[in-house]
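Here's the structure, in structure tokens; my notes come after.
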Amino acid sequence: MSWAVEEWKEGLSPRVLQKIHELESQVDKLKKERQQRQYQLETLEAALQKQKQKVENEKNESAVLKRENQSLMELCDNLEKAKQKISHDLQVKESQVNIQSGQLNSCKKDMERLEQELKR
């Protein structure tokens with residue numbers, strides 16, 4: 001079969017045959033270079049897809065973390081409000097205890113005074 005491919009070259013001058021050989025070598029070289037570049041392109045495309053997937057995963061993770069952060073901020077706000085309410089309630093109860101303690105002291109003094117009057 002290769003003889004049929006080479007048959008058309010019969011009868012050509014050596015200079016033309018040399019030029020044909022150079023062109024065929026150049027074509028082979030360009031084919032190899034094209035294959036290498038095609039492989040590089042495919043490799044780069046695969047790397048690009050991998051990076052795109054990585055970016056997409058990081059975006060998704062970021063969105064999850066943002067939602068979690070928002071939830072935690074709301075929880076902190078709710079806990080702060082609860083803390084303030086408890087603190088206020090504690091102040092009210094301490095005031096009530098102080099008032100009742102004052103009333104108790106007043107009653108004790110009244111009792112002591114009454115006991116003194118009874119002894120007389």
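The values are calculated or read from the model by the stated rules, or taken from the named source; none is laboratory data. These numbers were taken from a predicted model, which means no experiment stands behind them. For neighbour counting, all protein chains shown are included, and Cβ atoms are generated from backbone atoms with ideal geometry for every residue, glycine included. In case anyone asks, the SASA skips ligands and DNA or RNA and just uses the protein heavy atoms, side chains included. Shrake-Rupley method; radii C 1.70, N 1.55, O 1.52, S 1.80 Å.
Can you give the local net charge around Lys9? Use residues other than it whose beta-carbon is closer than 15 angstrom to its beta-carbon, Lys and Arg +1, Asp and Glu -1.
Result for the local shell: -3.
On a straight-distance basis, which lysines could pair with Lys83 in a cross-link, Cα separation under 16 angstrom, same-chain partners fewer than 8 positions away excluded?
Candidates past the 8-residue exclusion: Lys93.
Can you give the accessible area of Val64 in Å² (nearest 10), computed on protein heavy atoms with a 1.4 Å probe?
Answer for Val64: close to 70 Å² accessible.
Can you check what the net charge comes to around Leu30, using other residues whose Cβ is under 11 Å from the Cβ of Leu30 (Lys, Arg +1; Asp, Glu -1)? Mind showing how you got there, number by number?
Working: positive: Lys29, Lys31, Lys32, Arg34, Arg37; negative: Glu24, Asp28, Glu33.
Net charge around Leu30: +2.
Against the longest alpha carbon principal axis of the chain, how many degrees, from 0 to 90 and to the nearest 10, is the axis of helix 14-119 turned?
In the chain, helix 14-119 runs at an angle near 0 degrees to the longest axis.
Measure up Lys9/Lys29; Lys9/Lys32; Lys32/Lys54 against 31 Å on the Cα-Cα distance and list the ones that go over.
Lys32/Lys54
To make sure I understand the rule: partners must be lysines, Cα under 19 Å from the Cα of Lys59, and not fewer than 8 residues away in the same chain. Which ones qualify?
Leaving aside lysines fewer than 8 places away in the same chain, those within reach of Lys59 are Lys50.
Where is the GNM fluctuation largest for the chain (alpha-carbon springs, 10 angstrom cutoff): Asn60, Asn78, Asn105?
Greatest mean-square fluctuation among the candidates belongs to Asn105.
Would you mind telling me the share, in percent, of accessible area of region 55-120 contributed by carbon and sulfur at probe 1.4 angstrom?
Here it works out to 55 percent.
Students often get this wrong, so try it: which of (1) 48.5, 158; (2) 12.9, 37; (3) 23.2, 78 is Rg and Dmax of the Cα atoms in Å as calculated from the structure shown?
From the options (1) 48.5, 158; (2) 12.9, 37; (3) 23.2, 78, the structure gives (1).
In the chain, with Lys and Arg counted as +1 and Asp and Glu as -1 at Cβ, which of these residues, His21, Gln35, Val97, has the Cα nearest the positive end of the dipole, that is, farthest along it?
Comparing the listed Cα positions along the dipole, Val97 ranks first.
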